[in-house]
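The values are calculated or read from the model by the stated rules, or taken from the named source; none is laboratory data. It should be emphasised that the depicted structure is a prediction, and the values quoted were computed from it without experimental measurement. Methodologically, a virtual Cβ is constructed for each residue, glycine included, from the backbone with ideal geometry; neighbour enumeration extends over all protein chains shown.
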């Protein structure tokens with residue numbers, strides 16, 4: 001069994017509509033909901049129509065406004081009150097003097113707790129699975145903050161983006177990926193995953209053993225998924241391997257109206273995202289997923 005998953009639900013209405021189209025016309029199993037997304041309320045209303053769709057908390061420290069009072073998290077935002085820390089800068093900031101590091105941890109925990117609680121309350125659930133926008137939760141000190149909130153906020157599972165190396169059947173497709181920054185991200189996230197897993201095991205927190213979606217982020221195809229899944233071994237994990245897509249793009253006028261508030265604006269209007277939606281809803285992909293599920297049964 002595999003979990004076909006989409007990130008960024010609630011970031012904008014257009015992206016949300018694209019993701020839900022992938023569910024209605026494809027084989028999507030679960031989504032990640034952005035707690036501070038521009039279309040959070042819209043996404044929550046839409047989710048009421050699809051109670052069988054799995055939902056995770058998509059922690060976001062990368063873009064948009066925080067849920068916390070900006071005066072309480074000055075190390076995470078710019079003067080206008082928008083998140084301004086990249087994955088690298090946030091990690092580096094945590095390596096400074098002890099006093100600054102402690103303050104940064106407290107600010108991350110405050111915002112993280114508010115984001116988890118907002119999703120739980122909106123969906124009326126007691127426990128949640130957690131992942132994050134741009135995989136920020138794998139930054140070591142952020143991961144430590146998450147562990148400290150596991151019991152009080154009822155976190156039942158955490159995404160681990162550990163991905164076996166595999167390529168597409170298309171040489172051009174593979175070369176495009178190998179010449180991008182994705183292999184570097186793949187190596188780094190695999191290393192951080194290996195670091196994180198023992199802590200999850202010690203706490204009895206569930207996580208996915210396998211993952212697909214870093215090497216070919218924004219360029220996922222049926223060939224990529226077929227080659228990656230063929231390398232999976234059967235495990236006794238309660239969470240199936242996760243195959244991550246980013247379907248859906250900005251809707252009408254969203255780039256002009258809110259794009260300047262989102263640091264990933266260019267990507268959200270990219271043809272790569274509509275391309276992934278096309279893959280998810282294609283007959284070939286649906287038949288592939290159906291075959292896997294029938295084999296399990």
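Consider residue 243 carefully, then state whether it is part of a helix (DSSP H, G or I) and crowded, with 18+ Cβ neighbours inside 10 Å. Break it down stepwise before answering.
Values: part of a helix (DSSP H, G or I): no; crowded, with 18+ Cβ neighbours inside 10 Å: yes.
Here the answer is no, as residue 243 does not meet what is asked.
Just one of (1) closer than 19 Å to residue 11 by Cα; (2) touching a helix residue (DSSP H, G or I) at 6+ places or on another chain (Cβ under 9 Å) fails for residue 101. It is (1).
Take residue 66 and decide whether it is modelled with pLDDT of 95 or more, surrounded by fewer than 21 Cβ atoms within 10 Å (Cβ to Cβ) and in a loop (DSSP other than H, G, I, E, B).
On the way: modelled with pLDDT of 95 or more: yes; surrounded by fewer than 21 Cβ atoms within 10 Å (Cβ to Cβ): no; in a loop (DSSP other than H, G, I, E, B): yes.
Taking the combined requirement at face value, the residue does not satisfy it.
Scanning the stretch 168-187 for residues that are without any contact (Cβ under 8 Å) to a residue 12 or more places away in the chain and farther than 20 Å from residue 211 by Cα yields 171, 172, 175, 179.
Given 159, 118, which one is in contact with a strand residue (DSSP E or B) (Cβ under 7 Å, 6 or more places away or on another chain) and either modelled with pLDDT of 95 or more or farther than 25 Å from residue 267 by Cα (or both)? I'd like the intermediate steps shown before the answer.
On the way: 118 fails: in contact with a strand residue (DSSP E or B) (Cβ under 7 Å, 6 or more places away or on another chain).
Exactly one residue qualifies, and that residue is 159.
For the residues 214, 279, 229, 224, the requirement of being within 21 Å of the chain's Cα centre (by Cα), within 30 Å of residue 151 (Cβ to Cβ) and buried (at least 17 other Cβ atoms within 10 Å of the Cβ) singles out 214.
Here residue 285 meets the list (1) in a helix (DSSP H, G or I); (2) closer than 20 Å to residue 25 by Cα; (3) out of contact with any helix residue (DSSP H, G or I) (no Cβ under 7 Å at 6 or more places or on another chain); (4) in contact (Cβ under 8 Å) with a residue 60 or more places away in the chain almost entirely, failing just condition (3). For the stretch 127-138, the count of residues that are surrounded by fewer than 17 Cβ atoms within 10 Å (Cβ to Cβ) and within 28 Å of residue 41 (Cα to Cα) is nonzero. Among the numbered conditions (1) at pLDDT 95 or above; (2) surrounded by 18 or more Cβ atoms within 10 Å (Cβ to Cβ), the only one that residue 168 does not meet is (1). When residue 109 is tested against (1) in contact (Cβ under 8 Å) with a residue 60 or more places away in the chain; (2) within 21 Å of residue 152 (Cα to Cα); (3) not in a loop (DSSP other than H, G, I, E, B), just one condition goes unmet, and that condition is (1).
Residue 258: surrounded by fewer than 18 Cβ atoms within 10 Å (Cβ to Cβ) and part of a helix (DSSP H, G or I), yes or no? Judged against the criteria, residue 258 is not a match.
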